[in-house]
1. Taking all protein chains together and a probe of 1.4 Å, list Met108, Met388 from the most accessible to the least accessible.
2. Using label points projected 7 Å from each Cα along Cα→Cβ, tell me how many nm separate Val349 and Lys224, to one decimal.
3. Which one of Val127, Gly177, Cys141 is farthest out on the positive end of the charge dipole of the range 114-192, using unit charges on Cβ (Lys, Arg +1; Asp, Glu -1) and the Cα centre as origin?
4. In whole Å and largest first, what semi-axes does the C-alpha gyration tensor of the range 35-188 yield when each eigenvalue is scaled by 5 and square-rooted?
5. What number comes out for accessible area per residue over the range 458-513 if the probe is 1.4 Å? Units Å², please.
6. Rolling a 1.4 angstrom probe over the protein heavy atoms, how many square angstrom per residue are accessible across the range 357-441?
7. Expressed as a whole number of Å, what is the distance separating the alpha-carbon centroids of the range 84-133 and the range 314-359?
8. Express the accessible area of the range 1-146 per residue in Å², computed with a 1.4 Å probe while the remaining protein chains stay in the model.
Amino acid sequence: MAQARVQAAGDPVIRLHANDNVVIARRDVALGEAIPSEKLSSRSQVPAGYKIAARAIVKGEPILKYSTVIGFAASDIAPGTLVHSHNIDFTEFDRDYAHASEFKPVSMLAHEQRATFQGIVRNDGRVATRNYIGVLSSVNCSATVVRKIAEWFTPERLADYPNVDGVVAFSHSLGCGMEASGEPIDLLRRTIGGYACHPNLAAALIVGLGCERNQIKALLEAQKLDVGPKLRAFTMQDTGGTRKTIEAGVAAVMELLPEANAVRRETVPVSHITVGLQCGGSDGFSSITANPALGAAVDILVRHGGTAILSETPEIYGVEHTLTRRARSVAVGERLAERVRWWKDVYAVGRDVQINGKVSPGNQAGGLANIFEKSLGSSMKGGTGPLMAVYRYAEPVTEKGLVFMDTPGYDPVSATGQIAGGANLIAFTTGRGSMFGAKPVPSLKLATNTPMYRRLEEDMDINCGEVLDGTRTLQEMGQAIFELMIRTASGEPSKSELLGLGDNEFVVWDIGIMG
């Protein structure tokens with residue numbers, strides 16, 4: 001996709017592509033206001049970020065943004081008219097996947113030119129960006145216990161262990177009353193296993209009730225994990241109940257703390273960074289500023305040998321063909337197409353979810369008409385490089401470069417899958433102002449516009465609205481994001497970490513049937 005041509009600050013609109021029949025309001029546009037660059041006047045009051053018809057559009061004609069179809073005119077639309085969900089029909093259309101037809105290998109930097117960061121190297125060679133001890137529940141029945149164990153370790157009690165970032169609980173609502181076999185419980189076990197062995201955890205405890213379907217023994221066997229010095233397991237029924245299990249868990253963590261504290265950061269290649277890409281609370285500027293700027297940062301990271309995980313399958317729907325064409329092989333492209341088909345033809349059939357058209361109220365209020373328009377911006381987070389692999393939810397990510405993981409669009413669920421797969425950093429774009437953290441990894445918030453950034457500066461890590469303001473180019477912003485990734489991976493706290501976010505965002509995808 002061509003980059004937006006951001007006009008001078010006095011111009012009320014932005015034209016994204018010469019072929020487009022809509023332009024974007026860079027600020028609130030008044031009724032009757034002249035739009036000199038398009039030789040027309042506004043026929044509507046148009047909020048910042050919303051679309052304006054750049055010419056007459058006849059009923060049924062595709063609405064083009066970045067020269068990409070985001071819907072079809074529901075009626076004849078006069079030049080200068082506000083274009084939004086009220087006059088755009090969401091209609092399925094044919095897309096040529098052309099698997100791997102546009103694949104181009106990444107032009108990697110020479111090893112001596114690649115960036116480094118200060119990481120924590122584990123005994124097996126994996127590299128952490130943070131240093132936590134995790135307490136995980138196998139089932140919702142042990143959720144209170146794991147939280148009580150973690151809550152015991154207040155900052156005062158951890159004062160003698162300055163290299164430990166905290167003791168954090170990972171509880172959830174699943175683990176029993178569900179299918180005893182098949183993808184739902186496999187997915188749950190992948191997620192728990194991915195966290196238990198995540199490099200950002202120096203050690204982990206798994207706590208169960210004892211009679212649940214997600215038995216700890218079966219969980220460990222499925223994930224090829226062994227109880228040992230850095231992985232402890234308890235069941236409440238065997239340990240003596242709630243109080244005794246909390247006491248045993250606290251004692252176990254106390255035993256683990258000295259070794260967890262005996263770490264130091266050292267210089268390691270940026271190739272050890274795996275960033276999960278998220279966007280939520282989007283607006284009409286997401287596809288102009290933060291998302292393509294993050295994509296530019298991803299392109300830089302990949303050239304340095306790093307990995308980026310694009311996800312949120314419903315939020316690439318409608319533009320998935322732009323990814324399949326860049327796939328490294330037909331098999332990779334088809335795997336992505338199969339995941340989209342599963343969502344459309346199996347999982348979401350007849351349900352009022354955004355893959356079937358309507359985006360969330362926040363996205364609507366931000367100027368996005370439907371999921372096609374949301375996906376147009378969302379997909380830009382992955383940059384312009386080749387798609388190297390496609391993974392199911394919470395599968396271990398082993399391929400370098402840009403990869404895709406099948407997740408819902410709901411950010412906590414999506415990020416949980418990415419972290420379980422090995423992400424040690426989250427980069428999260430937002431136009432409305434999402435407040436998000438995701439222990440045990442740091443999360444960076446990228447604001448799409450300056451007014452929101454200034455209003456929520458305590459939560460936002462970087463202002464990509466500078467692209468819209470004309471003070472930075474997309475490439476300059478991409479470089480700034482890349483450098484922020486390095487500093488954050490090296491230990492600089494993110495805004496969400498300073499605010500203490502991240503204790504409640506472990507949310508496992510519930511795709512099963514309760515029984």
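1. Of Met108, Met388, the descending order of accessible area is Met108, Met388.
2. With each label placed 7 Å out from Cα toward Cβ, I get 3.6 nm.
3. Of Val127, Gly177, Cys141, it is Val127.
4. Values: eigenvalues 526, 141, 98 Å².
For the range 35-188, the semi-axes come out at 51, 27, 22 Å.
5. Here the residues of the range 458-513 average 43 Å² of exposed surface.
6. For the range 357-441, the per-residue accessible area is 22 Å².
7. Taking the Cα centre of the range 84-133 as reference, the centre of the range 314-359 is 17 Å away.
8. On the way: 6710 Å² over 146 residues.
About 46 Å² of surface per residue is accessible.
The values are calculated or read from the model by the stated rules, or taken from the named source; none is laboratory data. No experiment lies behind these values; they were computed from the predicted model shown. Neighbour counts run over all protein chains shown; Cβ positions are idealised from the backbone, glycine included. Surface areas here come from the heavy atoms of the whole protein model, side chains and all, with no ligands, DNA or RNA. Shrake-Rupley method; radii C 1.70, N 1.55, O 1.52, S 1.80 Å.
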